[in-house]
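To start, the structure itself, in C-alpha cells.
The values are calculated or read from the model by the stated rules, or taken from the named source; none is laboratory data. Fair warning: this is a prediction, and the values are worked out from it, not measured in the lab. Positions of Cβ are backbone-derived with ideal geometry, glycine not excepted, and every protein chain shown enters the neighbour counts.
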Amino acid sequence: MNAGLRDDTPMLGFTGADGIGLFRTEFQFLVSATLPSRERQTRLYRDVLEAAGDKPVVFRTVDIGGDKVLPYLRHNEGEAEENPAMGWRALRVALERDGLLKVQARALLEAAGGRTLNVMFPMVTEPWEFDAAKAVFEGQLAFLRQRKKILPEAIRYGAMLEVPALAEWLDVLAPRLSFLSIGTNDLTQFLFAADRANPKLAERYDWLSPAILRFLRRVVTTVAPFGTDVTVCGEMGGRRLEALGLLGLGITRLSITPAAVGPVKELVRKVDIAEIRAAMDRWLAEPPHDMRATLAAWAAERGIECD
C-alpha cells in the first residue's frame, strides 16, 4: 500500500497489504514550518519500520517541487516556473541541495539499523542521477560505519520511472537496480503531454490506451533479464479494470491506496494470469478500437466485476 504518515501504518493490518510499496517521505516536510531535523526524520522512519514489523517498507526520498512547494525552500526567489511539473523538483532538487539528501540518507540509514532498507529515488531521468543519489547514501553509510553505528543488514536501491526518457536507459540502469517502481500518474501526463490536473484533459487520455500499455510492456520486457522487481505505484494500479490490464502485462506488484487493496486482491484471485497475458499479447499486436471496452467485456464474460 501507499503511505506517507506515521498514522497510515495501522492500515497494513486492516487491509492485509504485503507491505508499504511507497512511503512518501515529503509529507513530513510539507506539514512542517521548518526543515525537519535529522533526529525528527530518524524517529519517523524508525517508527514506520517498527510498525511494519517483518513487512517491507519502500521509502521514496523527498519529492518536493512542482505542486508540492515548501515555503522555506526556494530555488530562485520570485522566479515562478511555467511548467513546475517538469521543472525543479524531486531528485533534481535533492541533488542540487545535496545537504538535504545527505541528512535524509543518514536518517534513513540510522533508522534501518539491523533491518533491510528499501530506498528509491523519484523522477530519475538518466542513470547518472541514480548513481549520484546512491553515492550520497554510500557516503553516509561510510560515515556511520566509521562511528561504529548499527547499520542496515542490506540496502536495496530503486528508481522511479516517471520520465519516459528513462525507459531508453533501462538496459544500462537495470543491472544497478534492486527494483523499479513505475509512477503512472506523472508518466501518463508526460507521455500524453497532458496535465492530469486539467479538467478538460482528465477524461481524454486513457490509462488503458495501447500507447500506455505498450510502453509498460516494453519496460517489463527490458528489465526482465536482470531480475529487477517491477512495481506500479499510482492510481492506475488501484482501479480494478486497470489492475487487470497490468496483470496482462506481467506486472504482479502494485502499490495502491489502502482502500483499494482489498478489492484488487479479490480481483487477482479470480484471474487466470496466463489467460489474460495471452489475451493482452493479442490485443497489443492488433489494438482494438476501444481497449477499455474490450478488456471490460473479457472480464464480464468470466464473471469478474471491474467497475
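The table for this structure:
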| item | result |
| --- | --- |
| From Asp272, Asp195, residue being over 24 Å from the mean Cα position of the chain (by Cα) and outside the structural domain of Phe14 (by TED's automatic domain parsing) | Asp272 |
| Neighbours by Cβ (under 6 Å, 6+ apart or cross-chain): first from segment 1-28, outside the structural domain of Ser181 (by TED's automatic domain parsing); second among the polar types (S, T, N, Q) and in a strand (DSSP E or B) | Asn2/Ser255; Gly21/Thr231; Gly21/Ser255; Leu22/Asn2; Leu22/Ser255 |
| Condition met for Leu141 (part of a loop (DSSP other than H, G, I, E, B), touching a residue at least 24 places away in the same chain (Cβ under 8 Å), out of contact with any Phe, Trp or Tyr (no Cβ under 7 Å at 6 or more places or on another chain) and not acidic (Asp, Glu)) | no |
| Segment 132-160: number of residues that are polar (S, T, N, Q) and touching a strand residue (DSSP E or B) at 6+ places or on another chain (Cβ under 8 Å) | 0 |
| Tally, over segment 175-186, of residues that are out of contact with any Lys or Arg (no Cβ under 7 Å at 6 or more places or on another chain) and either closer than 23 Å to Ala293 by Cα or free of Cβ contacts under 8 Å to residues at least 24 places away in the same chain (or both) | 1 |
| Single condition Gln189 does not satisfy, out of (1) modelled with pLDDT of 95 or more; (2) more than 18 Å from Leu247 (Cβ to Cβ) | (1) |
| Restricting segment 26-45 to residues that are among the hydrophobic types (A, V, I, L, M, F, W, C) and within 23 Å of the chain's Cα centre (by Cα), the residue that is surrounded by the fewest Cβ atoms within 10 Å (Cβ to Cβ) | Val31 |
| Filtered residue count, segment 224-266, keeping only those that are in a loop (DSSP other than H, G, I, E, B), surrounded by fewer than 23 Cβ atoms within 10 Å (Cβ to Cβ) and of a type in the set (Val, Ile, Thr) | 4 |
| Asn185 being surrounded by 13 or more Cβ atoms within 10 Å (Cβ to Cβ) and closer than 22 Å to Gly87 by Cβ | yes |
